Amino acid sequence: MIKRFYHFINGQSVPSKSGEWINSINPATGEVWAQIPRGNRADVDFAVEAAFKASQQTNWRDNSVNRSEILHGIAEQLDNEHDQLIEIEINDNGKRIREVAAQIAGLSGWYRHFALALTKLEVEELNLDLEGVSAHLELIPYGVIGAITAWNSPLMIAAWKVAPALAAGNAVIIKPSEMASASTVLFAELLADVVPNGLLNVVTGYGDEVGSAIVDADAVKKVSFTGSEVGGSKVAATAAKHVKPSTLELGGKSPQIVFADADLDSAINGVMSGIFLSNGQSCVAGSRLIIHGKIRRAFVERLKEKLSRLNFGSPLQEDTDVGPIANKAQYHKILSMLDRAKKEGAIITFGGSNKNVPGFEGGYFIEPTILENVSPSSEIWRQEVFGPVLCVHSFVNKEEAINLANDTDYGLAAGIWTTDEAFGNEIASKIDAGTVYINHYRSVSACAPVGGIKKSGYGRELGPNAIRDFMQEKVVWNGKLAVPDPFAK
Ligand code: NAD
């Protein structure tokens, strides 16, 4: 039985005005398991109207409804209902249950963090270098926020936008990826009695139909986008047309630099988790291993040995190590990039092919792959694969390591492995990336900003300014002295 999901607008589940549907394919089987509405501009207009009205309510803007309590209510509801969300997200994007369960169990924490952070926002008195006047800073919500998300971690990416945007006093319209919308829709439905109508809306559909209409809508005053460079640059162009700000969280080609003195057990585990968790479909995937020549051979052999023990299977099974790639388009993209890499001279020293998994013959499985002899000018070294593909290149000295790491259009994350803490920090200061991890990889915290430099995007999510990023500053001046006649002679 194919399940149908709906838009969630103004507190109600509604079908698309077009009456059209998009099939959601389970990547483990290749079969349709659900349908989502193919939204259009009319659906977006409906959501924008509801969101605008909700965002203008005085008690929401001035926080007399106590937004912090509402965020706590969201967290509580997530804690009660999170099991329902796990299977649905896995049906859509095939991520392993151990990873999805951890992410979804952690969702309430993001909402609680912002519930608390909101209570610490204050009207700020400004220290002026002027006499006879005082001034204070007020923070005002934008109104309606457009939140556009990717398919790899739909609910976590949404939380990073929705929690601070609501905390700031906005209404939100979320456009999840057409490849994995179901969990976001269910999330909004579960909150129907917690979040006042119109403040949290979900419109599903394609990026160039629903996403672009959200960015184009006059009443949407800021857009927070997570996705590809191509999508991000279109969003930024439309937002610029309306002179509205956008935050872009885009892709990466993150280096993992392993120095000869590294704790090799940790480094191997860190490199594995960096690129092979989530099948490499992670924005911070550590896809380029830049390793000292002296330890390269032994390091790669140990990696290969560990990879050879991983078992493929259903992402819903606790003991599965490798699930399917999230969707057919991504599966073909990865395989064709591997083909081109071989033509450009790369040597596949582990994996490199699709994988037939008994019982899941229609699924989109690909072997974890290691490529060596990779030229730093080749496509596979320079472009994001968003798949389980690790490219290896060795270096002889730290200057070469830094140059290799920084010779990329992206700058999202980087890993450094060395037992010399001062040296690790010295290298970190020379790496162009929004996040640098030394001797671990992948931590995220609501207290630490996330975002990229170069083509990995601009603006930040999370961190100490997360709520303020969804607010605008207004300075209110107070004169303390009589105003003199400006034309007095
Ligand atoms: P994508 O750009 O194809 O789609 C992302 C979202 O944007 C989807 O909801 C899509 O429908 C929408 N979209 C596409 N074109 C649009 C347009 N013209 N106007 C408005 N919306 C549009 O990306 P994807 O394939 O879903 O996600 C994978 C990419 O996301 C990778 O590059 C990955 O690195 C990146 N990503 C980044 C982060 C981060 O925090 N930096 C996190 C996760 C994923």
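Touching a residue at least 12 places away in the same chain (Cβ under 8 Å), in contact with an Asp or Glu (Cβ under 7 Å, 6 or more places away or on another chain), of a type in the set (Ser, Thr, Tyr) and under 30 Å from GLY106 (Cβ atoms): does that describe SER16? Even if it seems obvious, please write down each step before you answer.
Working: touching a residue at least 12 places away in the same chain (Cβ under 8 Å): yes; in contact with an Asp or Glu (Cβ under 7 Å, 6 or more places away or on another chain): yes; of a type in the set (Ser, Thr, Tyr): yes; under 30 Å from GLY106 (Cβ atoms): no.
No; evaluated as a whole, the condition is false for this residue.
Of everything in the range 253-265, what is of a type outside the set (A, V, I, L, M) and either open to solvent by less than 50 Å² (accessible area, probe 1.4 Å) or under 13 Å from TYR437 (Cα atoms) (or both)? Give them in sequence order.
Taking the range 253-265 as the starting set, the residues that turn out to be of a type outside the set (A, V, I, L, M) are 253-256, 259, 261, 263, 265.
Selection gives LYS253, SER254, PRO255, GLN256, PHE259.
On the basis of being open to solvent by less than 20 Å² (accessible area, probe 1.4 Å), out of contact with any Gly (no Cβ under 6 Å at 6 or more places or on another chain) and under 24 Å from TRP110 (Cβ atoms), does LEU412 make the cut?
Details: open to solvent by less than 20 Å² (accessible area, probe 1.4 Å): yes; out of contact with any Gly (no Cβ under 6 Å at 6 or more places or on another chain): no; under 24 Å from TRP110 (Cβ atoms): yes.
No; evaluated as a whole, the condition is false for this residue.
Tell me, please, whether a residue that is in a helix (DSSP H, G or I), acidic (Asp, Glu), assigned by TED's automatic domain parsing to the domain that holds PHE225 and under 21 Å from MET156 (Cα atoms) can be found in the range 461-468. Outline the logic, then answer.
The initial filter retains those residues of the range 461-468 that are in a helix (DSSP H, G or I), namely 468.
Right, trim to acidic (Asp, Glu) and you get none.
Taking every residue of the range 461-468 in turn, none turns out to be in a helix (DSSP H, G or I), acidic (Asp, Glu), assigned by TED's automatic domain parsing to the domain that holds PHE225 and under 21 Å from MET156 (Cα atoms).
Is it true that PHE5 is of a type outside the set (Ser, Thr, Tyr), in contact (Cβ under 8 Å) with a residue 12 or more places away in the chain and under 22 Å from ASN170 (Cβ atoms)?
Values: of a type outside the set (Ser, Thr, Tyr): yes; in contact (Cβ under 8 Å) with a residue 12 or more places away in the chain: yes; under 22 Å from ASN170 (Cβ atoms): no.
No.
Looking at the range 414-442, which of its residues are within 14 Å of the ligand (Cβ to nearest atom) and assigned to a loop (DSSP other than H, G, I, E, B)?
Scanning the range 414-442 gives ALA433, GLY434, ARG442.
Report, ordered by the first and then the second residue, all pairs with beta carbons closer than 6 Å, sequence separation of six or more or different chains, a first member in the range 308-324 that is aliphatic (A, V, I, L, M), and a second member that is surrounded by fewer than 19 Cβ atoms within 10 Å (Cβ to Cβ).
Between residues of the range 308-324 that are aliphatic (A, V, I, L, M) and residues that are surrounded by fewer than 19 Cβ atoms within 10 Å (Cβ to Cβ), the close pairs are LEU310/ASP321; VAL322/LEU310.
What are the pairs with Cβ atoms under 8 angstrom where one residue, in the range 76-100, is over 21 Å from PHE365 (Cβ atoms) and the other, located anywhere, is surrounded by fewer than 24 Cβ atoms within 10 Å (Cβ to Cβ) and of a type in the set (S, T, N, Q)? Sequence gap at least six, or different chains.
GLU76/SER108; LEU78/SER108; ASP79/SER108; HIS82/SER108
Any idea how many residues of the range 231-244 are within 8 Å of the ligand (Cβ to nearest atom) and touching a strand residue (DSSP E or B) at 6+ places or on another chain (Cβ under 8 Å)?
Residues of the range 231-244 within 8 Å of the ligand (Cβ to nearest atom): 231-232, 234-235, 238.
Checking which are touching a strand residue (DSSP E or B) at 6+ places or on another chain (Cβ under 8 Å) leaves us with 231-232, 235.
Total satisfying the criteria: 3.
Output the qualifying pairs, or none if there are none: Cβ atoms under 7 angstrom, residues six or more apart or on different chains, first residue in the range 204-224 and at positive phi, second residue near the ligand (Cβ under 7 Å from one of its atoms) and at pLDDT 95 or above.
That search, which allows pairs on different chains as well, returns GLY205/GLU178.
I'd like the full set of residues that are part of a helix (DSSP H, G or I) and of a type in the set (Val, Ile, Thr), limited to the range 138-181. Give the derivation first.
Filtering the range 138-181 down to residues part of a helix (DSSP H, G or I) leaves 154-167.
ILE157, VAL162, listed by residue number.
Would you list the strands (runs of 3 or more DSSP E) that sit entirely within the range 290-409 and hold 2 or more residues that are open to solvent by 20 Å² or more (accessible area, probe 1.4 Å), modelled with pLDDT of 95 or more and assigned by TED's automatic domain parsing to the domain that holds LYS430?
347-350, 389-395
Of a type in the set (A, V, I, L, M), assigned to a strand (DSSP E or B) and either within 21 Å of PRO196 (Cβ to Cβ) or open to solvent by less than 40 Å² (accessible area, probe 1.4 Å) (or both): is that true of ALA135 in this structure?
Values: of a type in the set (A, V, I, L, M): yes; assigned to a strand (DSSP E or B): yes; either within 21 Å of PRO196 (Cβ to Cβ) or open to solvent by less than 40 Å² (accessible area, probe 1.4 Å) (or both): yes.
Taking the combined requirement at face value, the residue satisfies it.
Being under 17 Å from the mean Cα position of the chain (by Cα) and more than 13 Å from the ligand (Cβ to nearest atom): is that true of GLY143 here? Give the derivation first.
Working: under 17 Å from the mean Cα position of the chain (by Cα): no; more than 13 Å from the ligand (Cβ to nearest atom): yes.
Here the answer is no, as GLY143 does not meet what is asked.
For the range 245-279, name all the residues that are out of contact with any Ser or Thr (no Cβ under 9 Å at 6 or more places or on another chain) and within 13 Å of the ligand (Cβ to nearest atom).
Scanning the range 245-279 gives a single hit, ASN279.
Please give the number of the condition SER228 fails out of (1) out of contact with any Phe, Trp or Tyr (no Cβ under 9 Å at 6 or more places or on another chain); (2) within 15 Å of the ligand (Cβ to nearest atom); (3) among the small types (Gly, Ala, Ser); (4) open to solvent by 20 Å² or more (accessible area, probe 1.4 Å).
(1)
Among all residue pairs at least 6 apart or on different chains, which show Cβ distances below 7 Å where the first residue, located in the range 269-282, is of a type in the set (Ser, Thr, Tyr) and the second is surrounded by fewer than 23 Cβ atoms within 10 Å (Cβ to Cβ) and in a helix (DSSP H, G or I)?
SER278/GLU99
When you go through (1) open to solvent by less than 20 Å² (accessible area, probe 1.4 Å); (2) of a type in the set (A, V, I, L, M); (3) under 26 Å from VAL389 (Cβ atoms); (4) within 13 Å of the ligand (Cβ to nearest atom) one by one for MET179, which number turns out not to apply?
Going through the list (1) open to solvent by less than 20 Å² (accessible area, probe 1.4 Å); (2) of a type in the set (A, V, I, L, M); (3) under 26 Å from VAL389 (Cβ atoms); (4) within 13 Å of the ligand (Cβ to nearest atom), MET179 breaks only (1).
Do we find that ALA34 is small (Gly, Ala, Ser), assigned by TED's automatic domain parsing to the domain that holds LEU139, buried (at least 17 other Cβ atoms within 10 Å of the Cβ) and closer than 25 Å to GLN103 by Cβ in this structure? Walk me through how you get there before you give the answer.
Numbers: small (Gly, Ala, Ser): yes; assigned by TED's automatic domain parsing to the domain that holds LEU139: yes; buried (at least 17 other Cβ atoms within 10 Å of the Cβ): yes; closer than 25 Å to GLN103 by Cβ: yes.
Yes: the conditions hold for ALA34.
Taking the conditions exactly as written (open to solvent by 20 Å² or more (accessible area, probe 1.4 Å), away from the ligand (no atom under 12 Å from the Cβ) and modelled with pLDDT of 95 or more), does ASP208 satisfy them or not?
On the way: open to solvent by 20 Å² or more (accessible area, probe 1.4 Å): yes; away from the ligand (no atom under 12 Å from the Cβ): no; modelled with pLDDT of 95 or more: yes.
Against the criterion (open to solvent by 20 Å² or more (accessible area, probe 1.4 Å), away from the ligand (no atom under 12 Å from the Cβ) and modelled with pLDDT of 95 or more), ASP208 does not qualify.
The values are calculated or read from the model by the stated rules, or taken from the named source; none is laboratory data. Values in this document were obtained by computation on a predicted structure and should not be read as measured data. Glycine gets a Cβ as well: all are built from the backbone with ideal geometry, and neighbour counts include every protein chain shown. Just so you know, the surface numbers come from the protein's heavy atoms only, side chains and all, with ligands and any DNA or RNA stripped out. Shrake-Rupley method; radii C 1.70, N 1.55, O 1.52, S 1.80 Å.
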